[in-house]
Amino acid sequence: MIDIIPIQKDVRSSGFDALFTVAKAKAVKEFHESLPGYEATPLRELSALAKHVGLKKLFVKDESYRFELNAFKGLGGSYALAEVIATKLNITPAEVKNVEPNSFTFVTATDGNHGRGIAWAAKNLKQQAVVYMPKGSAVERLENIRKLGATAEITELNYDDTVRFAKSQGDANGWILVQDTAWPGYEEIPGWIMQGYMTMALEAVQSLGDIVPTHIFLQAGVGAMAGALTGFFNHYYGDKKPTIIYVEPNKADCVFQTVKANDGTLHAVTGDLDSIMAGLCCGEVCTVGWEQIRQFGDYSVSCDDKVAADGMRVLGNPLYGDEQIISGESGAVTTGLVYRLMVDADKAPMRSELGLNEESVVLCISTEGDTDTVNYRRIVWDGACGLIK
Ligand SMILES: Cc1ncc(COP(=O)(O)O)c(C=O)c1O
């Protein structure tokens, strides 16, 4: 099941637009370059796959190589922690590495990747982290966070309620909430997290050189990553801005529901949010992200788990000559969508609506590797596509 709707643009500028300039992205990337283990992640050109499905070019950036984290999220956590400490102590982010150990405790909610990034960033700075996860979270993801020295536990709550719980624990204990989503009154720290994500986009355009994509597909949980990259791409490409398409699981499609309602308010999805795309199982849109999406985004897509499973198999089993990409559920959904749109006969109207054809140059980001190896093998080896119940 795939649903596509165009975004009725609301072009009024927002107070957040200046967060995502090219100059800021360059400064943030310089910060990341100073971190241990920094290397730009590879941008793979999948020429055989592009030819096979009828595109001019298809690029996939492989974030499984990001630091030691198997996902892009540490970019946001590391930058935000540095900004938080620098602001509190009136020093520069570069000076933060000399801060007295255990001066700060950071708290967050996560479906895995963000919490692992925060735990890693806190460990690098010799600070403390407390991480809460929604019910149903994979034990492997929990253990990966604990291995980095954080206190972590799985709650009985869904993602959005886990965020509220993390906030209340922070308020009660004097911990600093470093959450990868924003709401009115809590926008500065998420803004820094989102700025951190821009390194991924800057690396991508640097790898592309003179090649300008016609279409960029971005997966959305709360829409913070998608919003940040949209803001960056708008500044970077100006009049040549590619068509930007957001992709969400139909069980947690808060951006899609907000686009669909088109009534000037954000629309939440509630309940269990049970999709295999754990990283995208968020029911409430990030305010700062939405301000970019509503101005510069072009289409919103809601799709079922099968699309993500297809993407994992396609990327993990490349055609001769293409590189293999180990891509997890949330990482693979965009490539899975491109694949389905291009090869299914009944998707011809969607292809033509998006303008996808043999002249198209497509950019996707595989935002995670096999962060849940048990499910990765169930899906890629055993051909499953739903959740283990
Ligand atoms: C692998 C992966 N991709 C994409 C996203 C979506 O990011 P956002 O919640 O900012 O929309 C997440 C969020 O956790 C994620 O873990």
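Give me the residue from the range 310-331 that is surrounded by fewer than 24 Cβ atoms within 10 Å (Cβ to Cβ) and within 16 Å of the ligand (Cβ to nearest atom) and, out of that set, farthest from VAL343 (Cα to Cα). Ranking the qualifying residues of the range 310-331, first place goes to ILE326. Residues of the range 243-271 that are farther than 16 Å from ILE4 by Cβ and in contact with a helix residue (DSSP H, G or I) (Cβ under 7 Å, 6 or more places away or on another chain): ALA252, LEU266, HIS267, ALA268, VAL269. Among the residues here, ASP210 qualifies as farther than 21 Å from SER13 by Cα and free of Cβ contacts under 8 Å to residues at least 40 places away in the same chain.
ALA261 falls short on exactly one of the conditions (1) more than 14 Å from the ligand (Cβ to nearest atom); (2) in contact (Cβ under 8 Å) with a residue 24 or more places away in the chain, and that condition is (2). Any residue at all in the range 73-96 that's closer than 15 Å to GLU368 by Cα and touching a strand residue (DSSP E or B) at 6+ places or on another chain (Cβ under 6 Å)? No, the range 73-96 contains no residue that is closer than 15 Å to GLU368 by Cα and touching a strand residue (DSSP E or B) at 6+ places or on another chain (Cβ under 6 Å). A Cβ distance below 7 Å, combined with a sequence gap of six or more or placement on separate chains, defines the contacts here; from the range 344-373, residues that are within 17 Å of ALA204 (Cα to Cα) and within 11 Å of the ligand (Cβ to nearest atom) reach residues that are basic (Lys, Arg) and modelled with pLDDT of 95 or more in the pairs ILE365/LYS61; SER366/LYS61. So, in the range 349-372, of the ones that are in a helix (DSSP H, G or I) and touching a helix residue (DSSP H, G or I) at 6+ places or on another chain (Cβ under 9 Å), which residue ends up surrounded by the fewest Cβ atoms within 10 Å (Cβ to Cβ)? Checking each candidate, the answer is ARG351.
When the range 276-305 is limited to residues that are within 27 Å of LEU142 (Cβ to Cβ) and surrounded by fewer than 24 Cβ atoms within 10 Å (Cβ to Cβ), the one that is farthest from the ligand (Cβ to nearest atom) turns out to be ASP304.
Considering the range 70-172, the qualifying strands (runs of 3 or more DSSP E), each wholly inside and each with 2 or more residues that are within 19 Å of GLY196 (Cβ to Cβ), run over 105-109, 128-133. If only residues of the range 10-49 that are touching a Lys or Arg at 6+ places or on another chain (Cβ under 8 Å) and assigned to a loop (DSSP other than H, G, I, E, B) are counted, the one that is farthest from GLY117 (Cα to Cα) is ASP10.
The values are calculated or read from the model by the stated rules, or taken from the named source; none is laboratory data. Bear in mind the structure is a predicted one, so any value in this text is a computation, not a measurement. Counting neighbours? That spans all protein chains shown, and the Cβs are built from the backbone with ideal geometry, glycine included.
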